[in-house]
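A.B. asks: One structure, pasted below without further comment.
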Amino acid sequence: MYTMQSWTCIFLIICSMQSVCHCCDWIRHHYGHLSAEYLSLLDQMGGNITEQDAPVFFPESLYRPIDDAKFEDQVRFRNETIYQITKLFDGNMKSVTWDKKKLDHFLNILERQFENLNSCVSPAKIPERRLKRYFKNLNRMVLRKMNYSALAWELIRKETKHHLERLDIFQAKIH
């Protein structure tokens, strides 16, 4: 015979499983489409992506262990990366010459990705500190040091594209 506490535990397990299943379905059926859309907008909203390198190296070492991590850890990493990107774009953008409609649409899709991925992860776990530190350095060394210039934003667009493409590579491995 089950006690009330047992039923509560069973209910929580089922809800958790349904949430993970919903998340899996959402990632499988919607993430790729939205990702392709925001990558396309990132290309369309400005001119050619700059060839210049940012003074902060891309954190490939953060991505490697995630390739083989548990599903929830991969989703959490993807979510935190998208969140950090949206924070970057929350700065002084007066010098940006990009198409404003496409920029707004790009940011709206990123926000939608973040919200959906956020519903898939437990808030109890702490985000990857090294990833947060990387984005903080990117903000400091590119945007602030270059006084939020048009070139600084082009470097941010280039780094953003690199991250979003890298997340797509890792998305392909989930299927």
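The values are calculated or read from the model by the stated rules, or taken from the named source; none is laboratory data. All values reported here derive from a predicted model rather than from experimental measurement. Note that each Cβ is placed from the backbone with ideal geometry, even for glycine, and that neighbours are counted across all protein chains shown. These area figures cover heavy atoms from the full protein model, side chains too; ligands, DNA and RNA do not enter into them. Shrake-Rupley method; radii C 1.70, N 1.55, O 1.52, S 1.80 Å.
A.B. asks: Mind checking whether some residue in the stretch 122-137 is crowded, with 20+ Cβ neighbours inside 10 Å, aliphatic (A, V, I, L, M) and on the phi < 0 side of the Ramachandran plot?
C.D. replies: no
A.B. asks: Using the structure shown, decide if Arg140 is part of a helix (DSSP H, G or I), modelled with pLDDT of 90 or more, farther than 16 Å from Leu42 by Cβ and not acidic (Asp, Glu).
C.D. replies: Yes.
A.B. asks: Could I ask something else about it? So which residues in the stretch 37-55 are under 19 Å from the mean Cα position of the chain (by Cα) and open to solvent by 20 Å² or more (accessible area, probe 1.4 Å), if there are any at all?
C.D. replies: Glu37, Leu39, Ser40, Asp43
A.B. asks: Which pairs have Cβ atoms under 6 Å, sit 6 or more apart or on different chains, and link a residue in the stretch 102-113 that is over 15 Å from Tyr83 (Cβ atoms) to one that is among the polar types (S, T, N, Q) and open to solvent by 40 Å² or more (accessible area, probe 1.4 Å)?
C.D. replies: Lys102/Gln44
A.B. asks: Going by the structure shown, is Leu151 open to solvent by less than 40 Å² (accessible area, probe 1.4 Å), assigned to a helix (DSSP H, G or I) and of a type outside the set (Ser, Thr, Tyr)?
C.D. replies: When the stated conditions are applied, Leu151 does not pass them.
To keep it simple, each residue is scored yes or no on (1) within 17 Å of Arg130 (Cβ to Cβ); (2) free of Cβ contacts under 8 Å to residues at least 60 places away in the same chain; (3) touching a Gly at 6+ places or on another chain (Cβ under 9 Å).
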| residue | (1), (2), (3) |
| --- | --- |
| Asp25 | no, yes, no |
| His30 | no, no, no |
| Leu41 | no, no, no |
| Pro59 | yes, no, no |
| Leu62 | yes, no, no |
| Ile66 | yes, no, no |
| Asn79 | yes, yes, no |
| Ile82 | yes, no, no |
| Thr97 | no, yes, yes |
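A.B. asks: If Asp73 passes every condition in (1) over 22 Å from Ala36 (Cα atoms); (2) loosely packed, with under 15 Cβ neighbours inside 10 Å; (3) not aliphatic (A, V, I, L, M) but one, which one does it miss?
C.D. replies: (2)
A.B. asks: Would you check which residues across the stretch 35-51 are under 14 Å from Leu103 (Cβ atoms) and not in a helix (DSSP H, G or I) and list them?
C.D. replies: Met45, Gly46, Gly47
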